[in-house]
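Participant: This is the structure I want to talk about, given as structure tokens.
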Amino acid sequence: MKTIRNKLHGEPASGQIVVVAIDDPSLAEFGSWPWPRARLGDIALRLHDANARNIHLDFDLSAPGAAADDARLEAALVKTRGHVTLPARLSVDMVSGGSVDNRPIARFAGSARIVNTNLWVHRDSKIWTHPYSLDVGGRPMPSLASVLSDVSGQAGARFPIDYSIDVRTVPVISARDVLSGRWNAAAVRGKDIVVAQTSSNAEHYYAPGYALVPGAFFQVLAAETLRSGRPIALGWLPPMLLAAAFAAAFLMVRQRTVARGILAIACGLFLVGPVFLDSLHIFLEVMPALTVLGIVAGVRAYSNARQAYQARGNTNPVSGLPNLNALRQQGESMKGTIIAARIQNFAEITTALPQEYEKELVEQIASRFSFGAIGSPIYQADEGIFIWIAPVQREEALIEQLNGLHALFRSPVVVSAQLVDLSVTFGVDNDGSRPLMQRVASALVAADDAAKEGQRWATFDPATLEDAEWKLSLLGRLDQAIERGEIWVAYQPKIDLASNRVIGAEALARWKHPEKGEIFPSQFIVAAERSGRIENLTAYILDNAVATAARINRAGRPFSIAVNLSVRLLDNPGLIGMVERALARHGLAPHLLTLEVTETTAMASENESFANLERLSALGIELSIDDYGTGLSTLEYLKKIPANEIKIDRSFIGMLDKSQGDRIMVHSTIQLAHSLGRKVVAEGVENGATLAELRRMQCDFVQGYHTGRPMSVAALLAQLLPDAVHSAA
């Protein structure tokens, strides 16, 4: 940032300080370094005879040299008395740790002024500041820059070097030209001269905005800075306080346009203001302030992205109508008769129509339903389903209303200049004693029953539920399924993006009933949790998963296993023992087991639950926050939960290659997790574009159908241990 500012208001050097450079051509003509001191004296005399104002010989004269050479240099110093300065440097004794004053020997020091030439190299290997003077032996010794500029300052105080002065414009004369007489003596008349070694083997340092620069040029730039006026260094605190005020205003304003205006003004002020102040020799450190603004902007962008995602999650992406999520959030406050309408040929119509006309189709359908909804919101679900809640009324009035709507749909709608016939049936649920979403499902069942029977509408009858007996006895059958081996474990590979290797898997419960076939996990797992029977199912899955992981590790393949942990087990006193027994039984190292706890579960956990999480972590077991992003975690919760890993929910990953908001959310989550020292897993990776984007964001691990579908233990072993499986066969 400073370098850019310097370039924006760059200026040439004053030309009043000239460097006489002992460069590579000088060494080639007059011999390698070090030169005889008599030659240095000769240069000083020639410069003095040319009426140079001050001459600085930037060479180490702290030890005696050849007697004849020292005598000639001393004679030259005597002749130029009052016009020559010699360097002294403080160095650190590597044994004692004390400072050593390397100043010229007495025979030279008596005929010249001694100045300090120490350079301050910062942590970034660049020289940003320079001292006015240093305290040497209890007395201040001015720096060369201070002497050349006639500007003094407190001992130990440093000032910023103005790198807007172009170092390439400092006048340079080769020492060989001075010694050989091939130079214009008028170029040094009345000017300050720095005689220094600038050859390729001289000391070089990094200058901001330039490459390596000989050390003497930093002395010259520091002097040029003071010649332009005493610089004022305000540091980072004033910009930081101003940034904090802007950040507070930015976060408090709710209107996005105003907030963006505040942020733009702040950024403009911190980007343009320092350029103007630099020209006045007032220097600020604005990067901390800009960092604060960047963090605040990122936090607000993340918050806006979350809000946009939630809003998007409550509306149909095509029509803009509220969806079932929006209806679900209304809760049990929604009283009345549930009406569900299904357009039976909706899929056929949308398949035949160009995609851009689907919105027009839905708008016309909703417009017709609005005659019967009488002002109630119409909610759109998938597959041509529309739902509204009608006021409680007499059955005759409701029947008349539904018949009228059905008659209205006998007329085709016009979409894309085409006549489109619609087939609609209605389902009704009048039972206000049951939960809202259960009633919605019941109304949909009734609408489908009406279609099967060729009726216009039907009222839900619980006795018509298909497989009612099966669903009522589901829990009892689940216990038998575990005993009979109908429950099996599927393994979805977990890929390390750094190595592109399978480093583990997630264990997933599956149920294959001999008559019903595959039972959806959402059916039996939720039922088991609600009934308190999840412990047996978890123990079964955990034991099988740990056994598989142990077998793979014994074969010499490092492999970890992840198992989902139900909220019902978090405060269970037997949880720790269950896990310890499984690990001990199969000989699996604790760090190779990851227990996944959903974000909502982790946030709702009480003291005993947190205590169990702490105990599991103390055993060396890895903990993962599953479905991250679906809850409302705060930074405090993330710091409190002893998790090693954050698993981003598939709802954010699915649209990663299409949604800028999801990309911002996922990227910021990865950065946040890494800043807390945690790894990140992205689940639901379904295509190569999503995988590439996650790799660019430096996500640690991925799961999904694109990288590996859930598979049986036999398929997993065949993939990871083909030789072992073949031998076993």
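The values are calculated or read from the model by the stated rules, or taken from the named source; none is laboratory data. Small disclaimer: the values here were computed from a predicted structure and weren't measured. Heads up, the Cβs are rebuilt from the backbone with ideal geometry, glycines too, and the neighbour counts pull from every protein chain shown.
Participant: Give region 491-501 a look and list any residue that's in a strand (DSSP E or B) and either modelled with pLDDT under 95 or of a type outside the set (A, V, I, L, M) (or both), or say none. Steps first, answer last, please.
Facilitator: The initial filter retains those residues of region 491-501 that are in a strand (DSSP E or B), namely 491-496, 501.
Of everything in region 491-501, those that are in a strand (DSSP E or B) and either modelled with pLDDT under 95 or of a type outside the set (A, V, I, L, M) (or both) turn out to be TYR491, GLN492, PRO493, LYS494, ASP496, ARG501.
Participant: Given the criterion in a strand (DSSP E or B) and either at pLDDT below 90 or surrounded by fewer than 22 Cβ atoms within 10 Å (Cβ to Cβ) (or both), identify the matching residue among TYR163, TYR205.
Facilitator: Every option except TYR205 fails the conditions.
Participant: So PRO239 ticks every box in (1) under 30 Å from ALA38 (Cα atoms); (2) at pLDDT below 85 but one. Which box is left unticked?
Facilitator: (1)
Participant: Right, here's the next one. Give region 246-264 a look and list any residue that's surrounded by 11 or more Cβ atoms within 10 Å (Cβ to Cβ) and either within 19 Å of GLU285 (Cα to Cα) or β-branched (Val, Ile, Thr) (or both), or say none.
Facilitator: Across region 246-264, the qualifying residues are PHE246, ALA247, VAL253, VAL258, ILE262, LEU263.
Participant: Looking at this structure, is PHE217 among the aromatic types (Phe, Trp, Tyr), under 19 Å from TRP128 (Cα atoms) and at pLDDT 80 or above?
Facilitator: Judged against the criteria, PHE217 is a match.
Participant: With the checklist (1) of a type outside the set (A, V, I, L, M, F, W, C); (2) farther than 22 Å from PHE276 by Cα; (3) modelled with pLDDT of 90 or more in hand, flag the one item GLU224 doesn't pass.
Facilitator: So GLU224 meets the others, but not (2).
Participant: Pick from SER560, SER633: which is within 27 Å of the chain's Cα centre (by Cα), modelled with pLDDT of 90 or more and in the same structural domain as ILE664 (by TED's automatic domain parsing)?
Facilitator: SER560
Participant: For the list (1) closer than 13 Å to ILE648 by Cβ; (2) in contact with a helix residue (DSSP H, G or I) (Cβ under 9 Å, 6 or more places away or on another chain), I need the number of the one condition that PHE701 fails.
Facilitator: In the conditions (1) closer than 13 Å to ILE648 by Cβ; (2) in contact with a helix residue (DSSP H, G or I) (Cβ under 9 Å, 6 or more places away or on another chain), PHE701 misses (2) alone.
Residue-wise test of (1) touching a Leu at 6+ places or on another chain (Cβ under 6 Å); (2) outside the structural domain of THR117 (by TED's automatic domain parsing).
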position: GLN219; (1), (2): yes, no
position: ALA223; (1), (2): yes, no
position: ALA245; (1), (2): no, yes
position: ILE262; (1), (2): no, yes
position: PHE270; (1), (2): yes, yes
position: ARG300; (1), (2): no, yes
position: SER303; (1), (2): no, yes
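Participant: If the Cβ limit is 8 Å and pairs must be 6+ apart or interchain, which residue in region 636-659 that is within 23 Å of GLY504 (Cβ to Cβ) pairs with which residue that is assigned to a loop (DSSP other than H, G, I, E, B) and aliphatic (A, V, I, L, M)?
Facilitator: That search, which allows pairs on different chains as well, returns LEU638/LEU676; ILE653/VAL685.
Participant: Residue check: is PHE283 in a strand (DSSP E or B), at pLDDT below 80 and closer than 30 Å to ILE161 by Cα?
Facilitator: Yes, satisfied.
Participant: State yes or no: is THR225 among the hydroxyl-bearing types (Ser, Thr, Tyr) and either within 29 Å of ARG168 (Cβ to Cβ) or not in a helix (DSSP H, G or I) (or both)? Let's see the steps before the verdict.
Facilitator: Details: among the hydroxyl-bearing types (Ser, Thr, Tyr): yes; either within 29 Å of ARG168 (Cβ to Cβ) or not in a helix (DSSP H, G or I) (or both): yes.
Considered against the rule, which asks whether it is among the hydroxyl-bearing types (Ser, Thr, Tyr) and either within 29 Å of ARG168 (Cβ to Cβ) or not in a helix (DSSP H, G or I) (or both), THR225 comes out as yes.
Participant: Within region 44-141, considering only strands (runs of 3 or more DSSP E) that don't extend past its boundaries, which have at least 1 residues that are touching a Phe, Trp or Tyr at 6+ places or on another chain (Cβ under 8 Å) and in contact (Cβ under 8 Å) with a residue 24 or more places away in the chain? Step through it out loud before you land on a result.
Facilitator: Details: elements: 54-57, 84-92, 99-102, 113-116, 129-131, 133-136.
In region 44-141, 84-92, 129-131 are the strands (runs of 3 or more DSSP E) which contain 1 or more residues that are touching a Phe, Trp or Tyr at 6+ places or on another chain (Cβ under 8 Å) and in contact (Cβ under 8 Å) with a residue 24 or more places away in the chain.
Participant: Here's another thing I want to ask about it. Being of a type in the set (A, V, I, L, M) and either more than 15 Å from ALA75 (Cβ to Cβ) or surrounded by fewer than 16 Cβ atoms within 10 Å (Cβ to Cβ) (or both) is the filter here, so list the residues in region 110-131 that pass it.
Facilitator: So the first thing to find is which residues in region 110-131 are of a type in the set (A, V, I, L, M), and the list is 112, 114-115, 119, 121, 127.
Once the filter is applied, which keeps residues that are of a type in the set (A, V, I, L, M) and either more than 15 Å from ALA75 (Cβ to Cβ) or surrounded by fewer than 16 Cβ atoms within 10 Å (Cβ to Cβ) (or both), region 110-131 yields ILE114, VAL115, LEU119, VAL121, ILE127.
Participant: Exactly one condition in (1) surrounded by 14 or more Cβ atoms within 10 Å (Cβ to Cβ); (2) within 30 Å of LEU284 (Cα to Cα); (3) touching a residue at least 12 places away in the same chain (Cβ under 8 Å) is false for VAL178; which is it?
Facilitator: Of (1) surrounded by 14 or more Cβ atoms within 10 Å (Cβ to Cβ); (2) within 30 Å of LEU284 (Cα to Cα); (3) touching a residue at least 12 places away in the same chain (Cβ under 8 Å), only one is false for VAL178: (2).
Participant: Moving on to the next point. Let me spell it out: the conditions are (1) over 18 Å from ILE495 (Cα atoms); (2) surrounded by 14 or more Cβ atoms within 10 Å (Cβ to Cβ); (3) not aromatic (Phe, Trp, Tyr), and LEU721 meets all of them except one. Which number is the exception?
Facilitator: Condition (1) is where LEU721 drops out.
Participant: Residues in region 72-83 that are exposed (fewer than 14 other Cβ atoms within 10 Å of the Cβ) and either among the small types (Gly, Ala, Ser) or touching a strand residue (DSSP E or B) at 6+ places or on another chain (Cβ under 7 Å) (or both): how many?
Facilitator: Within region 72-83, residues that are exposed (fewer than 14 other Cβ atoms within 10 Å of the Cβ) and either among the small types (Gly, Ala, Ser) or touching a strand residue (DSSP E or B) at 6+ places or on another chain (Cβ under 7 Å) (or both) number 1.
Participant: Let me ask something additional. Against the condition crowded, with 17+ Cβ neighbours inside 10 Å, assigned by TED's automatic domain parsing to the domain that holds GLY10, over 15 Å from VAL20 (Cα atoms) and acidic (Asp, Glu), how does ASP150 come out, does it pass? Break it down stepwise before answering.
Facilitator: Working: crowded, with 17+ Cβ neighbours inside 10 Å: no; assigned by TED's automatic domain parsing to the domain that holds GLY10: yes; over 15 Å from VAL20 (Cα atoms): yes; acidic (Asp, Glu): yes.
Considered against the rule, which asks whether it is crowded, with 17+ Cβ neighbours inside 10 Å, assigned by TED's automatic domain parsing to the domain that holds GLY10, over 15 Å from VAL20 (Cα atoms) and acidic (Asp, Glu), ASP150 comes out as no.
Participant: Looking at region 535-560, I want the residues that are of a type outside the set (Phe, Trp, Tyr) and have a partner that is surrounded by fewer than 21 Cβ atoms within 10 Å (Cβ to Cβ) and assigned to a loop (DSSP other than H, G, I, E, B) with Cβ atoms under 7 Å, at least 6 apart or on another chain. Which pairs are those?
Facilitator: What qualifies is GLU535/ASN572; THR538/SER566; ALA550/GLY587; ILE552/LEU721; ALA555/LEU721; ARG557/LEU721.
Participant: Can you name the residue in region 342-375 that is part of a loop (DSSP other than H, G, I, E, B) and touching a residue at least 24 places away in the same chain (Cβ under 8 Å) and, of all such residues, is surrounded by the fewest Cβ atoms within 10 Å (Cβ to Cβ)?
Facilitator: PRO354
Participant: Give the number of residues within region 450-484 that are modelled with pLDDT of 80 or more, closer than 30 Å to ILE343 by Cβ and of a type in the set (Gly, Ala, Ser).
Facilitator: Going through region 450-484 one residue at a time, the tally reaches 3.
Participant: Here's something else I'd like to know. Does LEU444 satisfy the condition of being in a strand (DSSP E or B) and farther than 18 Å from SER370 by Cα?
Facilitator: Numbers: in a strand (DSSP E or B): no; farther than 18 Å from SER370 by Cα: yes.
No.
Participant: I've got another one for you. Sort out which residues of region 390-409 are of a type in the set (A, V, I, L, M), in a helix (DSSP H, G or I) and surrounded by fewer than 13 Cβ atoms within 10 Å (Cβ to Cβ), and write them in order of number.
Facilitator: Those that are of a type in the set (A, V, I, L, M), in a helix (DSSP H, G or I) and surrounded by fewer than 13 Cβ atoms within 10 Å (Cβ to Cβ): ALA397, ALA407.
Participant: Name the residue, out of ALA507, ALA527, ALA539, ALA545, that is at pLDDT 80 or above and surrounded by fewer than 20 Cβ atoms within 10 Å (Cβ to Cβ).
Facilitator: ALA539
Participant: For region 27-42, which residues satisfy the criterion of being of a type in the set (A, V, I, L, M, F, W, C) and under 59 Å from the mean Cα position of the chain (by Cα)?
Facilitator: Answer for region 27-42, where residues must be of a type in the set (A, V, I, L, M, F, W, C) and under 59 Å from the mean Cα position of the chain (by Cα): LEU27, ALA28, PHE30, TRP33, TRP35, LEU40.
Participant: Still on this structure, please answer the following. From the list ALA266, ALA247, which residue is small (Gly, Ala, Ser), within 30 Å of TYR163 (Cα to Cα) and touching a residue at least 24 places away in the same chain (Cβ under 8 Å)? Please lay out each step first, then the result.
Facilitator: Numbers: ALA247 fails: within 30 Å of TYR163 (Cα to Cα).
That would be ALA266, the only listed residue that is small (Gly, Ala, Ser), within 30 Å of TYR163 (Cα to Cα) and touching a residue at least 24 places away in the same chain (Cβ under 8 Å).
Participant: Here are some conditions: (1) farther than 17 Å from ASP421 by Cα; (2) crowded, with 19+ Cβ neighbours inside 10 Å; (3) over 47 Å from the mean Cα position of the chain (by Cα). ILE387 meets all but one. Which one does it not meet?
Facilitator: (3)
Participant: Is it the case that ASP448 is under 21 Å from GLU348 (Cα atoms), acidic (Asp, Glu) and either outside the structural domain of GLU363 (by TED's automatic domain parsing) or surrounded by 12 or more Cβ atoms within 10 Å (Cβ to Cβ) (or both)?
Facilitator: yes
Participant: Right, something else. Of the residues in region 84-94, how many are at pLDDT below 90 and either surrounded by 14 or more Cβ atoms within 10 Å (Cβ to Cβ) or under 20 Å from ILE43 (Cα atoms) (or both)? Working first, answer last.
Facilitator: Initial filter on region 84-94 (at pLDDT below 90): 89-94.
Applying the additional criterion that residues be either surrounded by 14 or more Cβ atoms within 10 Å (Cβ to Cβ) or under 20 Å from ILE43 (Cα atoms) (or both) yields 89-90.
Within region 84-94, residues that are at pLDDT below 90 and either surrounded by 14 or more Cβ atoms within 10 Å (Cβ to Cβ) or under 20 Å from ILE43 (Cα atoms) (or both) number 2.
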